[in-house]
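J.: Below is the structure I would like to discuss, written out as structure tokens.
The values are calculated or read from the model by the stated rules, or taken from the named source; none is laboratory data. Everything numeric in this text was worked out from a predicted model, so none of it was measured. Counting neighbours? That spans all protein chains shown, and the Cβs are built from the backbone with ideal geometry, glycine included. Only protein heavy atoms, including side chains, enter the accessible area calculation; ligands, DNA and RNA are left aside. Shrake-Rupley method; radii C 1.70, N 1.55, O 1.52, S 1.80 Å.
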Amino acid sequence: MHATTLTPTAAQLATTAVGYFPSLFSDQLRRAPLPDLGGIAAAGQLYTTTNDLARWVAQQFRTEAPDRGPGQILRGATIAESQQPCYVEPDGSIGYGMTWRTTNGTGRAYLGHGGGIFGYTSYLLFSPSHRVGGICLGNVWPHVG
């Protein structure tokens with residue numbers, strides 16, 4: 001994940017998508033400021049690319065790896081543990097874990113996490129059993145519906 005950072009360089013900022021705020025009750029968009037959240041950067045100031053996020057999703061499928069190998073950030077057991085929900089709704093449809101929200105409405109478990117801040121929104125979703133994931137990045141937030 002070579003393009004992911006909390007403190008982007010000027011070159012990285014030059015290639016960052018412009019974020020927008022929708023104007024209430026009109027079709028106009030306003031340019032959003034780039035946030036500087038200081039000490040809580042991981043809460044909304046992670047700069048990354050779809051390629052790096054795809055690498056992160058691929059890491060989530062390496063739960064059987066006994067040790068960290070080349071390019072593996074965490075041991076397989078640690079990855080598997082991070083995917084377990086700490087709380088599950090009584091009907092089993094949604095669970096909440098340390099990192100991921102689990103959705104199980106179709107009998108298939110999907111894990112995901114999303115966010116939005118100052119003109120940007122994101123969602124990452126994957127299925128450990130099917131070894132497939134999806135990434136959605138947007139440059140308008142909040143949405144007005």
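J.: Among the residues of region 67-102, count how many are crowded, with 16+ Cβ neighbours inside 10 Å and touching a helix residue (DSSP H, G or I) at 6+ places or on another chain (Cβ under 9 Å).
T.: Qualifying residue count, region 67-102: 4.
J.: Do we have any residue at all in region 131-140 that's among the small types (Gly, Ala, Ser), open to solvent by 60 Å² or more (accessible area, probe 1.4 Å) and not in a helix (DSSP H, G or I)?
T.: The answer is no; no qualifying residue exists.
J.: Still on this model: So in region 19-62, with the set limited to residues that are polar (S, T, N, Q) and under 19 Å from the mean Cα position of the chain (by Cα), which one is nearest to PRO142 (Cα to Cα)?
T.: GLN45
Residue by residue, here is whether (1) of a type in the set (Asp, Glu); (2) closer than 22 Å to THR7 by Cβ holds:
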{"position": "ASP36", "(1), (2)": "yes, yes"}
{"position": "ASP52", "(1), (2)": "yes, yes"}
{"position": "GLN59", "(1), (2)": "no, no"}
{"position": "THR63", "(1), (2)": "no, no"}
{"position": "GLY69", "(1), (2)": "no, no"}
{"position": "ASP91", "(1), (2)": "yes, no"}
{"position": "ARG101", "(1), (2)": "no, no"}
{"position": "LEU125", "(1), (2)": "no, no"}
{"position": "GLY138", "(1), (2)": "no, no"}
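J.: Condition first: closer than 14 Å to GLN12 by Cα, of a type outside the set (S, T, N, Q) and open to solvent by 40 Å² or more (accessible area, probe 1.4 Å). Now tell me which residues in region 46-66 satisfy that.
T.: Passing the criteria: only LEU46.
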